[in-house]
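Comments concern the structure below.
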Amino acid sequence: MSVDEILASIDAEISTLQKARALLILNERETFKEKASSKKTGKKKRTLSPEAKARIAEGQRKRWAAKKKAAK
C-alpha cells in the first residue's frame, strides 16, 4: 500500500466515525428531549361545563338543606 492509499483509508475511517458520532449525539438529544417533554405533559386539567357545575351546586344545596332539616 502506498502512503496515499493509507491516508485515503484513514480519511474514510475518520468520516465514518464522525457520522457515527453525529448519530449518537442526535439520538442522545432526542432522548433528552423526550424525557424533558414527558415531564411537562402530565395529566390534562379537566374542566366542567357550566351545566355540570350548576347540577353539582344544586345537589350540594339539597344535601345541606337535608342536613339542616335533620339537625332541627
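The values are calculated or read from the model by the stated rules, or taken from the named source; none is laboratory data. These figures come from a predicted structure and were not determined experimentally. All Cβ positions, even for glycine, are placed from backbone atoms using ideal geometry, and neighbour counts span all protein chains on display.
Per the listing 44, 53, 67, 62, the residue uniquely at pLDDT below 95 and either part of a helix (DSSP H, G or I) or touching a strand residue (DSSP E or B) at 6+ places or on another chain (Cβ under 6 Å) (or both) is 67. Taking first residues from the range 44-72 that are at negative phi and partners that are at pLDDT 95 or above, the Cβ contacts under 9 Å between residues at least 6 apart in sequence or on separate chains come to 48/56.
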